[in-house]
Amino acid sequence: MARPEKIRLGDLLISQGLLTDEQLKMSLDEQKRSGRKLGRIFVDSGYVTEEAISKALAGQLRIPFIDLKHFSPKPELIKLLPEAQARRFRALVLDEVEGRLRVGFTDPTDLAAYDEIVRLVRRDIEQAVVTESQLLATVDRVYRRTEEISGLAKELQAELGDVPVEFGDLLNMAPGAEDAPVVKLLQSVFEEALRTRASDIHIEPQEKSLRIRFRIDGVLHVQTEADHKIATAMSLRLKLMSGLDISEKRLPQDGRFNIKIRNNPVDVRISTMPTQYGESVVMRLLNQASGLLGLDRMGIPPKILERLRKAINRPSGMVLVTGPTGSGKTTTLYAALTELNSPEKKIITVEDPVEYRLAGINQVQVHEKIDLSFERVLRSALRQDPDIVLVGEMRDQMTAEIGMRASITGHMVLSTLHTNDVISTPIRLLDMGVPRYMVALSLQMVVAQRLVRVLCENCAAPHTPTPAEHEWLKYELADKVDAYSYKHGAGCSHCNGMGYQGRTGVYEVLEMTNELVEAINHDDTGVFVQAARKQMAGQTLRRDAVRLVVNGRTTIDEAMRISNQFED
């Protein structure tokens, strides 16, 4: 293909009716002031969209426009152009057409970029046009750092050698040294974790290796395995970053630190635990840049959302969110707090640890070592004249009773409890020793939830249920099982071959009506269970999971997996 010719972008957009003369004049003036690219100024000013500019360029040059949202580049071809050059020249090797590489450019008129890429790939190339935002998102996704992380791990091992080293001296020597192998290794691990949307990083020393795993959408995946000799260096560096005692290796420790990854502030909670072959380190990543979701973006069915909003906006009472660890309970409660947060309301949270930082509310971190327990903080919080109190977890009878007394005396109390479903929650409170009258008077609503992985929209394909899946669906759909179509994820570059991308919630709710209040006061808990099941007919966690399956949002296998968490 011949080298591209230069095109006057402004004149092209005007000729196609996408831009006015006045808008071009103002954009040129802005370009002189700021030095930014003209196309970016058009987009940022709202005059024209990225896609419109790309399609206009593609039409003028008679080359294809490719929508990267629905295109999966080939991994073996992507590597022909290093990541640094892909970002610098805003270009990506997409596929091969008749022996030539097809390369997507955000600016196909950039002659210098064209010549340099031809030199780098040493092949004839065909041009295509892609939008800049989609290209950068694709680069973030497809350039995996597995090989780089393995290489840095080997570099660190080579520096440490086989001779015992005083790791404390090594790491204290230059805590901010960006060229230290351990720093570069950890930086690459954090960047790859953020890129793959990992919620946790697990660094686990084994007998002959160090295994690093990421938890992505609730499932652990092995990222890399390295020499076990680097485990101590990594754990000590992380302890220094979080202010933990580097000399203590026999006891578990917990801490936190903040880092910036590609200008994204990330709050890291760290937990260390001594194991047979060294200290296991687990880090929970809370990406502050992603922000908190609102209740309307949690995937809560409209009918349940309406009832939940009505419950949390009452002047008093208790609303509990239940489910196992990692089911999104705290996220749901903070989504509720985001809606309730206003200058007219005093909100206090009592947590261990504080997971999200929300402006305008008073957040208190429990600290058992100095006797700052849930019970003590909660008693003090109620003397601060709050309207709404969030208690991280109802851990024991005393905390539950204080929270319930607060809800009876004019406060709205939000909290979590570890139970499998909504029906067992009031019974669990009774088992903890909370008086029946207190449960009946204070509890307004219980919400149970789980998180299911969402199908990747780029590789979702038709799926025929297996006999076991067919029988499982019949429980909810009866003879209508064959009336629906089902999908599975084939795996592509958009989802790193997993078939899923992101998660959403499944929910069930129990509202303490007059009938249920009367039933909970009955000595026989079976009376309450029967009344609760009657209220919840057709509105269970399992039914909500099946709803996502028939709507094509998730797979039968995923719905069955999370159903095993709450079914006997």
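The values are calculated or read from the model by the stated rules, or taken from the named source; none is laboratory data. If you're wondering where the values come from, they're calculated on a predicted model, not measured in any experiment. All Cβ positions, glycine included, derive from the backbone under ideal geometry; neighbour counts span all protein chains shown. With ligands, DNA and RNA removed, areas are computed over all heavy atoms of the protein, side chains included. Shrake-Rupley method; radii C 1.70, N 1.55, O 1.52, S 1.80 Å.
A P(r) calculated from all alpha carbon pairs of the stretch 317-455, with 10 Å bins opening at zero, reads 12, 45, 35, 7, 1 percent. For a straight C-alpha distance cut-off of 20 angstrom, the lysines reachable from Lys345 (same-chain residues fewer than eight places away being disregarded) are Lys310.
Computed on the Cα atoms alone, the convex hull of the stretch 383-472 gives a volume of 158 cubic angstrom per residue. 3J(HN,Hα) couplings calculated from phi for the stretch 85-92 with the Karplus curve 6.51 cos²θ - 1.76 cosθ + 1.60 (θ = phi - 60°) are, in sequence order, 6, 4, 6, 5, 9, 6, 9, 8 Hz; Gly and Pro show x.
Placing unit charges on the Cβ atoms only, positive for Lys and Arg and negative for Asp and Glu, gives the stretch 400-548 a dipole magnitude near 380 debye about its Cα centre. Compute the helix-to-body angle for 132-142: its Cα long axis versus the longest principal axis of the chain, expressed 0 to 90° and rounded to tens. Around 70 degrees separate the two axes. Only protein atoms count toward the accessible area here, which uses a 1.4 Å probe; on the chain, the carbon and sulfur part of that area reaches 49 percent.
Pairs over the 20 Å Cα-Cα cut-off, from the set Lys303/Lys480; Lys239/Lys260; Lys184/Lys249; Lys184/Lys229: Lys303/Lys480; Lys184/Lys249.
Once C-alpha pairs closer than 8 Å and six or more residues apart are averaged by separation and normalised to the residue number of the stretch 261-374, the relative contact order reads 17 percent. Under the criterion of Cα pairs below 8 Å and six or more residues apart, the relative contact order for the stretch 1-112 equals 24 percent. With a cut-off of 13 Å between beta carbons, the residues surrounding Ser27 carry a summed charge of +1, where Lys and Arg count +1 and Asp and Glu -1.
In order along the stretch 345-359, the Karplus-derived 3J(HN,Hα) couplings, from 6.51 cos²θ - 1.76 cosθ + 1.60 at θ = phi - 60°, round to 10, 9, 10, 10, 10, 10, 9, 8, x, 6, 8, 10, 9, 10, 5 Hz, and Gly and Pro are given as x.
Roughly what angle does helix 329-340 make with the longest principal axis of the chain, taking Cα atoms, 0 to 90 degrees, to the nearest 10? Approximately 90 degrees, to the nearest 10.
In order along the stretch 245-255, the phi-based Karplus estimate (6.51 cos²θ - 1.76 cosθ + 1.60, θ = phi - 60°) of 3J(HN,Hα) comes to 7, 6, 7, 9, 10, 9, 10, x, 9, 10, x Hz; Gly and Pro are listed as x. Descending by average beta-carbon neighbour count within 10 Å, the peptides 187-195, 241-249 line up as 187-195, 241-249, the highest first. With the charge dipole of the chain set up from +1 on Lys and Arg Cβ and -1 on Asp and Glu Cβ about the Cα centre, the Cα lying farthest toward the positive end among the listed residues Pro252, Ile125, Thr416 is that of Ile125. Under 5 Å from the amide H of Thr224 lie the amide H atoms of Ile212, each residue being 5 or more positions distant or on a separate chain, with H modelled from the backbone and absent for Pro and chain starts. Dividing the convex hull volume of the alpha carbon atoms of the chain by its residue count gives 218 Å³ per residue.
When only Cα pairs below 8 angstrom with a gap of at least 6 residues are kept, the chain shows a relative contact order of 9 percent.
For the chain, a simple Cβ point-charge model (Lys and Arg +1, Asp and Glu -1, everything else neutral) yields a dipole of about 840 debye relative to the Cα centre.
A dipole drawn for the chain from +1 and -1 charges on Cβ atoms has a positive end, and of Gly46, Cys495, Gly360 the residue lying farthest that way is Gly46. Classified by the C-alpha gyration tensor, the stretch 188-336 has a prolate form. Its axis ratio a/c, with a ≥ b ≥ c, is 1.5 or above, and a/b is larger than b/c.
Computed over the Cα atoms of the stretch 44-150, the ratio of the radius of gyration to the Kirkwood radius (Rg/Rh) comes to 0.96. Specify whether the C-alpha gyration tensor of the stretch 267-391 places it in the rounded, prolate or oblate class, a ≥ b ≥ c being the square roots of the eigenvalues: rounded for a/c under 1.5, otherwise prolate if a/b is larger than b/c and oblate if not. Oblate shape, in that a/c is at least 1.5 and b/c is the bigger or equal ratio.
Computed over neighbours whose Cβ is under 11 Å from that of Val319, the net charge equals +3, Lys and Arg +1, Asp and Glu -1.
Heavy-atom accessible area per residue, the chain, 1.4 Å probe: how many Å²?
Details: 27480 Å² over 568 residues.
Solvent-accessible surface per residue comes out at 48 Å².
Rounded to the nearest 500, the helix-only mean residue ellipticity at 222 nm of the chain stands at -11500 deg cm²/dmol, with each DSSP H run of n ≥ 4 adding -39,500 (n - 2.57). For the stretch 205-287, a simple Cβ point-charge model (Lys and Arg +1, Asp and Glu -1, everything else neutral) yields a dipole of about 160 debye relative to the Cα centre.
Relative to the compact-globule estimate of 2.2 N^0.38 Å, the Cα radius of gyration of the stretch 440-568 comes out at 1.27. Counting only alpha carbon atoms, the long axis of helix 181-195 and the longest principal axis of the chain meet at about 80°. Each Lys or Arg adds one and each Asp or Glu subtracts one; over the other residues with Cβ under 13 Å from the Cβ of His522, this totals -3.
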